[in-house]
Amino acid sequence: MNNGTQTALERAFELARSGRCKGMDDIRSALATEGYAQAQITGYSLSKQLRALMKAASPPEAHPAPVSSGALQDGAD
């Protein structure tokens, strides 16, 4: 529960780094469950930062390797 020592924004960053949340909805849900107001958790830049932290905290297998464009062109036509 929110004990008043951490802002919702600080907690959102902590949740994003934890690997526990996979998306913004997970962060908002966790904040609500813990009693935090979500008024600060808005905006493109903030969402982008939090998504980057969640991606970095997720296991490597959750990030498939990109397909090279050369592989797509082989045999095309």
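The values are calculated or read from the model by the stated rules, or taken from the named source; none is laboratory data. Just so you know, these numbers come straight off a predicted model, no measurement behind them. FYI the Cβ positions are ideal-geometry reconstructions off the backbone, even for glycines, and counts take in every protein chain you see. Calculation scope for accessible area: heavy atoms of the full protein, side chains included, ligands and nucleic acids excluded. Shrake-Rupley method; radii C 1.70, N 1.55, O 1.52, S 1.80 Å.
Taking Cβ atoms as reference points and 12 Å as the exclusive limit, the residues near ALA30 contribute a net charge of 0, counting Lys and Arg as +1 and Asp and Glu as -1.
From the Cα gyration tensor of segment 4-55, with a ≥ b ≥ c the square roots of its eigenvalues, which class applies: rounded if a/c is under 1.5, or else prolate if a/b is larger than b/c, or else oblate?
prolate
To put it simply, the accessible area of segment 14-62 at a 1.4 Å probe is 53 percent carbon and sulfur. Between SER45 and SER29, how many nm apart are label points set 7 Å from Cα along the C-beta direction? So the two model labels end up 2.9 nm from each other. Of the peptides 17-24, 41-48, the ranking by mean beta-carbon count within 10 Å, highest at the top, reads 17-24, 41-48.
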